[in-house]
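What follows is a single structure, written as structure tokens, with notes after it.
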Amino acid sequence: MSRVKHTQRPSGQMLLAAVSLCSFELPGQDRLPSLPSEPHAASTLEEAAPATHVIRGTASLTNQNPVILELLAKGPWNPQGYVFARSTSPTGHSAYTYDVKHLSPTTLTFELEVEASAGGEAGVVYELVVDRGNGQEPPRHPNSFHFPLLQNIRVKPIGSQPLPTEVELKACLGVVQFDIGQDENCETLAPEVSNLSIDGHRSYGTKNSRIAYIQAGTSSAGNISYDVSTPHGVERVYEPFAWEDFKCDEVVRICKPLRTSTPEPITETEELHPSPSENPAVFEGAILLANPSIPKTPGLISTLQHLYFAADHVGQDSNKPRGAMSTSFTGRFNPDTGELSAQYEQALPSTDDFPLIWLQQGLRLRFWSQGKSFDTHPGLYDAKNFRNGTLELYSSANRLERMSPGERHRSEHEYCFNELKIAYRTELGLIYNPAIDVSGGYQGTDWREKESDYTVTGSFYGDPYVSNHPVGSHPRNKGILHMTLPQGTFTLKPRAMMVNESGEATRTRFSPMSVTVGCGQFIDIVPPLAVNIHPVPRHASSGWVTLSGVVTSTPAEVGHIWYQVNDGPDVTLCTNCGKDAPFSFTAPLLAHENTLKVFAYTDGMEEPAMSSQQVVWDDGPSTLESEASPSSGETQAWH
């Protein structure tokens with residue numbers, strides 16, 4: 001995948017690792033709530049490195065009413081705008097930008113960089129929306145004016161279509177002015193109101209008089225609402241409105257006389273405060289985050305070494321239904337043992353010694369390599385060591401428990417991780433803040449031959465990364481993202497901020513990739529190729545091991561696949577291997593630790609794609625060496 005996204009600042013308040021618990025006062029509930037999961041399918045890379053092209057457009061208002069033109073000229077949204085494109089054939093691609101240019105109060109122009117090669121020579125078909133005013137990432141767009149959707153925009157690769165795709169949007173709007181007055185005609189506006197709004201439309205103005213732009217030909221119904229102070233506190237007032245087939249250049253004034261809701265009679269009652277239990281229930285268990293290949297590969301860094309520890313978290317409203325609690329655990333990843341090994345204990349308060357149902361929500365891991373400062377850009381960090389991301393792991397085992405005061409319940413969090421490196425490059429424009437969104441999980445036997453079932457979500461960011469510095473100030477035509485994932489099958493959704501020749505930034509999202517990882521693997525994804533090794537047991541039963549897998553490549557052809565054992569000579573598996581080429585081989589093992597690497601290459605790549613597998617062959621019974629590491633860290637709970 002060639003390019004990817006995001007200007008999100010890492011939060012200093014996020015946990016390194018948090019065990020999250022949720023309680024519900026639901027007596028008798030004994031079934032686990034369902035969690036979203038990904039199919040555990042064979043590994044595929046659904047899309048090759050994307051190649052972008054440009055949609056260039058103009059959006060114009062055709063209004064002639066001088067009252068409306070004056071409002072447009074004086075309104076607060078003139079310098080702002082938002083453009084969003086989403087692919088319809090093939091699906092899965094999107095891009096947006098806030099970099100628009102207003103030529104006049106009625107006309108703006110834009111350029112949007114989008115994926116163009118996913119459909120081959122036929123290109124990609126998009127639908128596009130333009131907003132005059134502030135925008136928010138889809139699906140919500142509370143903007144000043146929303147141009148009608150433009151469909152069937154075909155963007156072909158540059159080789160087939162050298163020039164950008166030109167589009168034009170035109171629309172006409174009307175205006176609604178809605179006032180809250182002290183009289184029936186709103187000749188005097190009511191000063192006591194605040195938070196005035198109208199359903200379904202963004203507006204601007206004062207606390208008692210506001211303006212909304214309405215697309216011609218549309219109908220709408222809802223409420224005009226506002227807050228008003230009364231002797232009994234602030235009351236929210238709702239006044240209905242409706243219109244049909246709003247006309248171009250039409251100006252409508254809606255006057256609503258001030259009124260207040262009639263409050264219910266207030267009776268004085270004694271407020272009862274439940275007393276907290278002095279003998280809380282406790283969740284406890286082991287934290288084990290392992291990568292057994294790290295001790296055997298000197299010089300390689302595990303992303304687990306850059307876990308970010310925040311301060312201990314004290315629960316808020318933890319003794320109320322749907323309350324929550326966070327807590328800390330101790331531990332650091334030890335590269336000599338390849339583990340972070342720790343214990344956690346989590347007190348779960350209740351009131352009046354009543355039992356509560358607690359849901360253990362999951363383990364949250366926060367990765368950040370830059371210490372206490374979250375202000376950074378290229379040049380302030382080492383790109384090879386840069387880590388930034390979050391993972392949340394939700395185990396299905398022992399997650400929902402009815403806990404009485406003093407009761408203790410064990411819930412373990414033990415996972416084996418892999419290291420992934422993803423290369424980014426662009427042939428058109430530059431990138432910064434490359435990123436990947438992660439979802440997936442695992443169900444089966446883990447690296448210790450134990451049954452395991454969990455789901456995972458998260459995000460990671462790579463180099464070049466900019467936070468709290470001018471956006472687009474450090475773009476490059478290449479990027480690298482380092483991340484870690486536990487054993488399982490995952491969907492990786494790439495995105496990036498792309499900068500064109502004019503310095504304008506576009507947030508671009510590309511179609512997802514699917515990857516299956518084992519335990520302690522090192523995987524280099526170099527678009528358009530990704531090497532996927534089918535996981536095998538870490539401990540071999542003989543002095544030989546058979547590895548198989550597939551090099552996903554579509555639409556490219558795989559030129560060459562080869563392997564190495566323990567950095568020995570290259571052994572060719574195939575040349576001119578075709579698309580999405582499978583491979584299989586049997587190789588001899590040395591006593592103890594072995595590293596098997598599979599490489600793939602095609603013309604035009606700067607380096608081969610690679611995936612490695614660690615295999616141990618012992619003459620005696622298989623054993624796992626493990627040492628407890630010193631402690632320090634965190635946990636979190638919800639109820």
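Key figures
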read-out: Residue within region 395-406 that is of a type in the set (D, E, K, R), more than 30 Å from ALA281 (Cβ to Cβ) and assigned to a strand (DSSP E or B) present; value: no
read-out: Some residue of region 549-559 being over 30 Å from ASP446 (Cα atoms) and part of a strand (DSSP E or B); value: yes
read-out: So TYR381, is it in contact (Cβ under 8 Å) with a residue 12 or more places away in the chain and assigned to a strand (DSSP E or B); value: no
read-out: Filter result (assigned to a strand (DSSP E or B) and on the phi < 0 side of the Ramachandran plot) within region 360-378; value: GLN360, GLN361, LEU363, ARG364, LEU365, ARG366, PHE367, TRP368, THR376
read-out: SER194 vs. criteria part of a strand (DSSP E or B), out of contact with any Leu (no Cβ under 6 Å at 6 or more places or on another chain) and not acidic (Asp, Glu); value: yes
read-out: Checklist (1) over 22 Å from PRO162 (Cα atoms); (2) under 22 Å from the mean Cα position of the chain (by Cα) applied to ASN63, failing item; value: (2)
read-out: Single condition GLU127 does not satisfy, out of (1) more than 18 Å from GLU504 (Cα to Cα); (2) surrounded by fewer than 23 Cβ atoms within 10 Å (Cβ to Cβ); (3) out of contact with any Lys or Arg (no Cβ under 7 Å at 6 or more places or on another chain); value: (3)
read-out: Hits in region 162-202 - residues which are of a type in the set (Val, Ile, Thr) and free of Cβ contacts under 8 Å to residues at least 24 places away in the same chain; value: THR188
read-out: Residue in region 140-160 that is within 30 Å of ARG236 (Cβ to Cβ), at pLDDT 90 or above and of a type in the set (A, V, I, L, M, F, W, C) present; value: no
read-out: Any hit, region 524-535, residues being surrounded by fewer than 20 Cβ atoms within 10 Å (Cβ to Cβ) and in the same structural domain as GLU427 (by TED's automatic domain parsing); value: yes
read-out: Residue match in region 434-453 (condition: within 28 Å of THR97 (Cβ to Cβ) and either modelled with pLDDT under 90 or not in a strand (DSSP E or B) (or both)); value: no
read-out: All positions within region 183-210 that are surrounded by fewer than 15 Cβ atoms within 10 Å (Cβ to Cβ), more than 25 Å from GLY133 (Cα to Cα) and in contact with a strand residue (DSSP E or B) (Cβ under 9 Å, 6 or more places away or on another chain); value: ASP183, GLU184, ASN185, GLU187, THR188
read-out: Residue match in region 322-335 (condition: of a type outside the set (D, E, K, R), modelled with pLDDT of 80 or more, assigned by TED's automatic domain parsing to the domain that holds PRO537 and part of a loop (DSSP other than H, G, I, E, B)); value: yes
read-out: Residue in region 498-516 that is crowded, with 19+ Cβ neighbours inside 10 Å and over 22 Å from THR426 (Cβ atoms) present; value: yes
read-out: Single unsatisfied condition, VAL545 versus (1) surrounded by fewer than 23 Cβ atoms within 10 Å (Cβ to Cβ); (2) within 30 Å of GLY81 (Cα to Cα); (3) aliphatic (A, V, I, L, M); value: (2)
read-out: Tally of residues being at pLDDT 95 or above and farther than 23 Å from ASN63 by Cα across region 167-184; value: 0
read-out: Checking GLY120 against (1) free of Cβ contacts under 8 Å to residues at least 60 places away in the same chain; (2) at positive phi, the condition it does not meet; value: (1)
read-out: Number of the condition not met by ASP570 [criteria: (1) within 30 Å of GLU113 (Cβ to Cβ); (2) surrounded by fewer than 22 Cβ atoms within 10 Å (Cβ to Cβ)]; value: (1)
read-out: Filter result for TYR213 (over 33 Å from the mean Cα position of the chain (by Cα), assigned to a strand (DSSP E or B) and crowded, with 21+ Cβ neighbours inside 10 Å); value: no
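This table checks each residue for (1) in the same structural domain as VAL526 (by TED's automatic domain parsing); (2) in contact (Cβ under 8 Å) with a residue 60 or more places away in the chain; (3) not in a loop (DSSP other than H, G, I, E, B).
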site: ASP567; (1), (2), (3): yes, no, no
site: CYS574; (1), (2), (3): yes, no, yes
site: CYS577; (1), (2), (3): yes, no, yes
site: PHE585; (1), (2), (3): yes, no, yes
site: LEU590; (1), (2), (3): yes, no, no
site: GLU593; (1), (2), (3): yes, yes, yes
site: VAL598; (1), (2), (3): yes, yes, yes
site: GLU607; (1), (2), (3): yes, yes, no
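The values are calculated or read from the model by the stated rules, or taken from the named source; none is laboratory data. Since this is a predicted model, take the numbers as computed values, not measurements. Glycine gets a Cβ as well: all are built from the backbone with ideal geometry, and neighbour counts include every protein chain shown.
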